[in-house]
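So the structure is just underneath, and the comments pick up after that.
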Amino acid sequence: MTRPFLRTFLVVTSWLALSGSAGAEPHVIMISIDGLRPEVYREPAQLGIEMPTLVALAREGVSADRMIPVFPSVTYPAHTTLVTGTRPADHGIVTNFKEGLNWYLDAGDIRSQTLWQAAKAAGLSTAIVTWPATYGAQVDFLVPENLDLEASNIPELIRDGSTPGLFDELAERCGPIEIAPFNSVEAGEQIDHMTTCFAAEVLRRHKPQLLLVHFLDADHLQHSYGPDSPEAMRAFERIDRSIGRLVAATQAAGIEEKSVFVIVGDHGFVRVHTFLNLNAILLQAGFADLVDDKIELSRGIEVTAIGGAGAVYARNPWTARGLESALREVIDRRYHGILEWIPAIELERMGAFPGARVGLAATPGFMLVSLGLPRTTLPSRDLKGMHGYLPGLPEMATGFIARGPGIRQGVEIPLIRQLDVAPTLARLLGVELGRADGLPIAGLLEEPEPAESGP
């Protein structure tokens with residue numbers, strides 16, 4: 001064996017042994033900032049905001065210029081990819097809503113193995129405080145996410161899904177929990193207030209080795225006021241202070257030196273001004289009818305529209321004949337430059353909208369909707385910001401920061417994929433994650449010095 005080959009062999013085997021070791025007992029705290037854009041920690045001064053916690057974490061660890069989301073670039077598919085390393089078509093959370101405007105709530109809807117399952121199987125303690133699709137998640141300490149748009153008893157719904165006794169235990173320390181329905185502008189800040197205090201208490205009291213946390217208000221206010229609005233910027237500053245409280249909680253718990261903070265986002269944001277009605281486009285293509293001044297889709301045709309993304313399904317093979325050519329002809333003739341056609345084979349490659357005959361992606365400024373109104377375009381009015389667009393769109397880039405033991409220090413990388421986060425954290429935790437499409441990114445992790453060898 002030559003010396004160069006032996007040196008490489010020893011480096012690799014030593015790194016694998018170290019990264020797979022549970023002896024260090026790391027505490028991995030993954031915090032999602034919904035709607036996080038990289039400029040928030042790369043260029044906060046240009047945005048007129050102060051983000052001392054994120055800036056410090058980025059300076060002391062690894063940070064990315066951008067993280068590439070999945071498609072559609074919306075909250076629930078993205079968060080499930082972050083904990084599975086698989087694409088939406090594989091993990092099963094293909095959009096935000098399971099039916100109508102009912103969010104995916106149940107962890108049982110996730111078809112891929114999750115980080116919390118892998119950690120639990122390895123004997124590590126696990127906790128979740130506000131994370132999408134986690135009702136029924138088998139963790140030691142659970143406070144699930146509930147973004148019901150109309151219910152008046154959100155705290156009770158969250159309590160009902162929490163680990164028995166945990167919600168009341170935490171609320172006793174944090175004070176009365178008040179959360180409005182999620183269609184209220186104040187709901188995001190109210191949820192984040194609960195999440196901050198609950199997560200800090202879980203860290204101090206229970207010291208989980210894996211903790212997942214989701215902050216919502218920056219996304220909520222970017223939708224309502226626009227991506228660069230003062231309201232959205234203040235939300236980012238509040239979240240930065242909340243993360244600072246979680247760092248302080250690890251200090252109080254005596255686990256700071258063993259804690260890895262991983263800050264992630266789910267998508268970027270663009271300003272919007274106009275709704276683009278897919279039902280009206282299907283009417284023009286001959287796959288819908290106008291009945292009593294209302295659009296009715298042809299039998300077997302179904303439409304999904306979410307933000308900048310959409311898909312058309314043809315459940316009836318007879319109806320499907322001619323759909324693609326007719327729809328494409330209309331799009332090329334009337335919507336070129338504002339609506340992009342995505343063939344089924346490309347959807348399959350991206351793991352998006354399984355079973356759809358065609359996918360659609362809007363240009364920034366436009367948002368796709370599915371309405372019975374016989375109008376192709378409508379003003380977005382109170383909705384000022386949106387996401388869901390193709391992952392390669394620069395504005396859809398989100399953020400990534402990691403800092404703590406086992407993470408390289410002072411490193412800036414050009415990009416990382418959402419797909420790679422879960423496999424990388426599994427390697428850091430020393431656990432086996434089931435089949436994943438993503439990769440453990442070895443260059444983010446500290447490598448041991450190679451052992452000295454003889455001739």
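Every read-out reported here was derived from the displayed coordinates using simple, explicitly stated rules and does not represent laboratory data. Computed from a predicted model, the values in this text were never measured in an experiment. Virtual Cβ from ideal backbone geometry, glycine too; neighbours counted across all protein chains shown.
A few comments on the model shown:
- The chain: proportion of alpha-carbon pairs further apart than 37 angstrom, %: 27
- Calculated [θ] (222 nm, deg cm²/dmol) that DSSP helices of n ≥ 4 give over the chain, each run adding -39,500 (n - 2.57): -10500 deg cm²/dmol
- Rounded to 5, percent antiparallel among DSSP beta bridges of the chain: 55
- Label reach from S229 (point 7 Å along Cα→C-beta): in segment 175-193, amide nitrogens under 11 Å belong to 185-186.
- Residues D332, D437, D293 in ascending order of nearby Cβ atoms (within 10 Å, fewest first): D293, D332, D437.
- Volume per residue for segment 200-354 equals 186 cubic angstrom (convex hull of Cα atoms).
- Fewest-first ranking of T363, T114, using other Cβ atoms within 10 Å as the exposure measure: T363, T114
- Candidate cross-link partners of K120 among the lysines, defined by an alpha-carbon separation under 25 Å and a same-chain spacing of 8 or more, comprise K207, K258.
- Cα-only Debye scattering, segment 99-229: base-10 log of I(q)/I(0) at q = 0.15, 0.19, 0.21 Å⁻¹: -0.71, -1.10, -1.28
- Computed E for E412/R271 - FRET, C-beta separation, R0 30 angstrom, nearest 0.05: 0.60
- Highest average packing first - 378-385, 210-217, 154-161, Cβ atoms within 10 Å: 210-217, 154-161, 378-385
- Between L439 and A248, residue separation times 0.36 nm minus the direct Cα-Cα distance comes to 65.6 nm.
- Gained length - E150 relative to A344, 0.36 nm times residue gap less alpha-carbon distance: 66.3 nm
- J(HN,Hα) series, segment 342-351, from Karplus relation 6.51 cos²θ - 1.76 cosθ + 1.60, nearest Hz, glycine and proline x: 10, x, 4, 5, 6, 4, 4, 4, 7, x
- Annotation: lysines with alpha-carbon distance below 30 angstrom to K294 (same-chain offsets under eight excluded): K98, K384.
- Rounded to the nearest 10 degrees, the angle from helix 75-84 to the longest Cα principal axis of the chain is 40 degrees.
- When the P(r) of segment 271-384 is calculated, the portion above 24 Å amounts to 19% of the C-alpha pairs.
- FRET efficiency for A326 and A180, using Cβ-Cβ distance with R0 set to 51 Å, rounded to 0.05: 0.70
- Between the C-alpha center of segment 240-287 and that of segment 179-232 there is a gap of 10 Å.
- Two-site FRET efficiency, E432 against E256, from Cβ-Cβ distance with R₀ of 22 Å, rounded to 0.05: 0.20
- Peptide ranges 90-103, 231-244 listed from the most packed, as the mean C-beta count within 10 angstrom indicates: 231-244, 90-103
- Among Y76, Y135, the order by Cβ neighbours within 10 angstrom, fewest to most, reads Y135, Y76.
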